1. Before anything else, pin down the relative contact order of region 59-185: Cα pairs under 8 Å, at least 6 apart, normalised by residue count, whole percent.
2. For ARG164 and ALA90 in one chain, what is 0.36 nm times their gap in residues minus the Cα-Cα distance, to one decimal in nm?
3. Considering only GLY109, VAL180, THR162, whose Cα is most displaced toward the positive end of the charge dipole of region 59-185, charges sitting on Cβ of Lys, Arg (+1) and Asp, Glu (-1)?
4. If you scale each eigenvalue of the Cα gyration tensor by 5 and take the root, what three semi-axes come out for region 59-185, rounded to whole angstrom and sorted largest first?
5. Quick one: 3J(HN,Hα) in Hz for region 158-164, Karplus 6.51/-1.76/1.60 with θ = phi - 60°, rounded, Gly and Pro as x.
6. Please report the Cα spread of region 86-159 along all three principal axes, rounded to whole Å, starting with the longest.
7. Shape call for region 129-188 from the C-alpha gyration tensor, a ≥ b ≥ c root eigenvalues: rounded (a/c under 1.5), prolate (a/b greater than b/c) or oblate?
8. Can you pull out the trypsin sites (Lys or Arg not before Pro) in region 76-120 that DSSP calls coil and that have at most 12 other Cβ atoms within 10 Å?
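Only the coordinates and a few stated rules stand behind these numbers; no lab work does. Keep in mind the model is a prediction, meaning the values are calculated, not measured. Reconstructed Cβ throughout: ideal geometry from the backbone, glycine too, with neighbour counts over all protein chains shown.
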Amino acid sequence: MCWRCIIERFPLTTALSCRFLHFFAFCYYAQVTIQSPPNFTQHVSEQSKVTDRVSRRLIRTYQLYSRTSGKHVQVLGNKKINAMAEDGDAFAKLIVETDTFGSRVRIKGAETGFYICMNKRGKLIGKRNGQGKDCVFTEIVLENNYTALQSAKYDGWYMAFTRRGRPRKGSRTRQHQREVHFMKRLPRGHHVAEHRPFDFINYPFNRRTKRTRHTGQR
């Protein structure tokens, strides 16, 4: 039913008619313009599946302490991987590279340069070229504050080690098992770099702008 028909059916004064029309127009506009808020969780999930080699590439250095063996994960020169290293061992120092917008990472031994990868049998192996999806793991922070590393290629398979520090096949792992729980630790003697004050620079200027000089103390 049109607005004019409504007004003719219900006799109103001119002022009330205008208010009546404005009210219905406002309701219609509000109904059209209301949009659902963006789903940030879904956005992160989608972006985490896309490799980002430029904008968010971060590199960290730490050790992975195994909850079961009580030792640290190490990458040896013969491409073997185990969790038998003591705190501060050269082979236990790991370089962790972010792979996507989310929490997917590539992990390699700082001493050997081999990446930790998982093959189709669920076995952990070392590779010189770690660009494949089999060398990508998703960091999952658990409720007990430990971290689990799930294979990005094989869903539900985790990096895991036995009490003796030997690798466990990913096909036999579950997130609740102690074997997949790790703790990130800085290598012995490695300290977090102190934040330094920002150094201000002089931006280009012309005759219409004033030159302002900022200095920062080091």
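1. Computed value for region 59-185: 26 percent relative contact order.
2. Extending this stretch completely gives an extra 24.7 nm.
3. Working it through, the farthest residue towards the positive pole turns out to be THR162.
4. 17, 17, 14
5. Couplings: 10, 5, 8, 9, 7, 5, 8 Hz.
6. Largest to smallest, the principal-axis extents are 29, 29, 25 Å.
7. Rounded, because the longest to shortest axis ratio a/c is under 1.5.
8. Listed in order of number, the matching sites are LYS120.
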